[in-house]
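Single-structure report; data block below.
The values are calculated or read from the model by the stated rules, or taken from the named source; none is laboratory data. Please read these numbers as outputs of a predicted model, since none were measured by experiment. Positions of Cβ are generated from backbone atoms using ideal geometry, with glycine treated the same way; all protein chains shown enter the neighbour counts. Surface accessibility is based on the protein's heavy atoms, side chains included, excluding ligands, DNA and RNA. Shrake-Rupley method; radii C 1.70, N 1.55, O 1.52, S 1.80 Å.
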Amino acid sequence: TCMRPILLNLADIRKLCMPLLDGLSRLLELLSNCFNVTLGEKLLDHMRKFADPEVLNKMRYDTLTEGKGANARMKPEDEVQVAASIIGLFHLLPPASNKFLDPLVSITLKLESILPALNFYGGFGTGSSSPYREPLIKFLVVEPQKTCDYFLRHLSQRKLSQMF
């Protein structure tokens, strides 16, 4: 019952914020075995929304028109931090989370491709300047053999082969 407020807030992408994700991170560090893959699937769903500019613009518009005012609007830099924080949760998920390798890498690449459009990182957003790389690497090193196999299988894909 004490996890219920966190899980309820996770259900709505508009309620995601750094304090909520920091709390979830601490909770996962302590009790990762209490969670199942459904949490990872929900987090991936949120990541897909952050990676889709149309959905993101709709979310921004809905937040403004719901009467919460301009102060309730998530700024582009907050969106980047929240998305990076979500990626940072994946290494804390239970061991069955390796099924998230391909979707998480793909979504991270998509997020990096739209990062320059946010004008937050000064036109950067790929490679080592990406705010998404460090949290992704934390996930990738959890199962190094599977990670290496994955990238070796995808060497022909230019974006993946140039990722590191």
Check your understanding: Would the stretch 51-58 turn up any residue that is at pLDDT 80 or above, open to solvent by 70 Å² or more (accessible area, probe 1.4 Å) and closer than 15 Å to residue 91 by Cα?
Key -> no
Point to revise | Sole residue being at pLDDT 90 or above, hydrophobic (A, V, I, L, M, F, W, C) and under 30 Å from residue 160 (Cα atoms), chosen from 83, 117, 96 | key: 83
Point to revise | Residue pairs meeting the criteria (Cβ under 9 Å; at least 6 apart or on separate chains; first open to solvent by less than 20 Å² (accessible area, probe 1.4 Å) and at pLDDT below 95, in the stretch 22-45; second among the charged types (D, E, K, R) and assigned to a helix (DSSP H, G or I)) | key: 40/99
Practice item. Please go through the stretch 138-163 and pick out each residue that is buried (at least 16 other Cβ atoms within 10 Å of the Cβ) and assigned to a helix (DSSP H, G or I). Key: 139, 140, 147, 150, 151, 160
